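> Before anything else, here's the structure in question.
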Amino acid sequence: MSQYNLSKLKRRTALGLAAAALGATTLRAKAQNKTVLRISTPAVPDDWHAKMWTVFKEQLEKTAPGEFDVQINLNATLFKQGTEPAAMARGNLELSSISAFDIAKLVPEFSIFTAGYVVRDPEQQQKIFRGPIGAELFKLVSEKMDVTPLATVYLGTRQVNLREARSVKTPADLKGVKLRMPGSKEWLFLGEALGATATPLAFGEVYMGLKTGTIDGQDNPLPSVKAAKFYEVTKQIVLTNHLVDGIFISISNKSFNALSAAQKQKVMDAAQAAAAYNNENRIKEESQLVDFFKQQGLQVTAPDANAFRTAVQTAYQNSEYAKVWPKGLLDRINATK
Ligand code: KDO
């Protein structure tokens, strides 16, 4: 190689290295400028309310390219189930999908949505939370919990799922059944109202609990029974339909307030898109799953729906919870069509 070519090559290499270095710096600077949105959820990867976070992330990448670094943490790997609201209030976590049960701990009025047989179906659920009831209660959530609910996600209608099959017609038939519930008194109350002996356990430990027999059963919507593979270690599903369950995509107020108006709108739109994706897919799948479980060899049985509804509604009406429900709220919910 001639002296001329060698120096040209050196110059080119030096230029190339400089360009690469510049590129890396720009990338790093970009990454540093991005707003990090950490998400924590106990959802398993196959469940719709886990997959919906990818919809959230991808929509933000399109509408706000380079502005956000969305980090999705499933299986409660970042925060334990139920600890997300406190983490968000402290500013250690940006987003999560929180349950009515999580909210009721700090906003007792919200416990009306932890009560069995109150909300009728997913359509009514959306109307309730998109209307004045949602606006009033979400305002309390923001004030008392320092998080802002952005979208209502239909988690599904909860059913009782048992390790060993038995005849279940009324709540009396669940007497002595160790029914796993998530670990808070509001959840345990629901399990007891169903007639069972409620036992607290984190979602991530339910499969093993059913397999080894430390619990006799659990309650969850059918899509989650499938996604978490509980059907592999249980023999019966009792279609109690006891709770039309909702979770709420929520963002820490600290993070939300730090966004520009345009960014806030994009985050809200992405949350709505994620919820819509979940709701559409979950409703569709939920209607098809009875056949799937039967094919897997499970018994799917129908109890006396009135016996369950009456027992559960009576338990709540006579409870401490009902005492703090705002006057007229139950009627307003019932009147939402
Ligand atoms: C559960 O632990 O049974 C539950 O269904 C409660 C919900 O509020 C929610 O936390 C859900 O688990 C998880 O997202 C796992 O699906």
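The values are calculated or read from the model by the stated rules, or taken from the named source; none is laboratory data. The model shown is predicted, which means the values in this text are computed figures rather than measured ones. Note: ideal-geometry Cβ built from the backbone for every residue, glycine included; neighbour counts use all protein chains shown. Quick note on the areas: whole protein, heavy atoms, side chains included, nothing else; ligands and nucleic acids left out. Shrake-Rupley method; radii C 1.70, N 1.55, O 1.52, S 1.80 Å.
> Please count how many residues of the stretch 21-49 are at pLDDT below 70 and open to solvent by less than 60 Å² (accessible area, probe 1.4 Å).
5
> Separate question: Please go through the stretch 190-210 and pick out each residue that is away from the ligand (no atom under 12 Å from the Cβ), crowded, with 21+ Cβ neighbours inside 10 Å and not aliphatic (A, V, I, L, M).
Passing the criteria: only 195.
> A further question on this structure: Collect the residues in the stretch 51-66 that are over 15 Å from residue 269 (Cα atoms) and either in contact with a Cys (Cβ under 9 Å, 6 or more places away or on another chain) or in contact (Cβ under 8 Å) with a residue 40 or more places away in the chain (or both), keeping them in residue-number order.
Passing the criteria: only 51.
> Right, next: Would you confirm, using the coordinates I've provided, whether residue 81 is in contact with a Phe, Trp or Tyr (Cβ under 7 Å, 6 or more places away or on another chain) and in contact (Cβ under 8 Å) with a residue 12 or more places away in the chain?
yes
> Anything in the stretch 132-183 that is open to solvent by 30 Å² or more (accessible area, probe 1.4 Å) and assigned to a helix (DSSP H, G or I)? List them, or say none.
Passing the criteria: 132, 135, 136, 138, 139, 140, 142, 143, 144, 172, 173.
> On to the next question. So which pairs qualify, if the first residue must be in the stretch 99-126 and on the phi > 0 side of the Ramachandran plot, the second must be open to solvent by less than 10 Å² (accessible area, probe 1.4 Å), the Cβ gap must be under 9 Å, and the two must be at least 6 apart or on different chains?
Taking only residues 6 or more apart or on different chains, the pairs are 117/242; 117/243; 117/308; 117/312; 117/316.
> Can you pull out the residues in the stretch 89-98 that are surrounded by fewer than 24 Cβ atoms within 10 Å (Cβ to Cβ) and near the ligand (Cβ under 9 Å from one of its atoms)?
Selection gives 98 alone.
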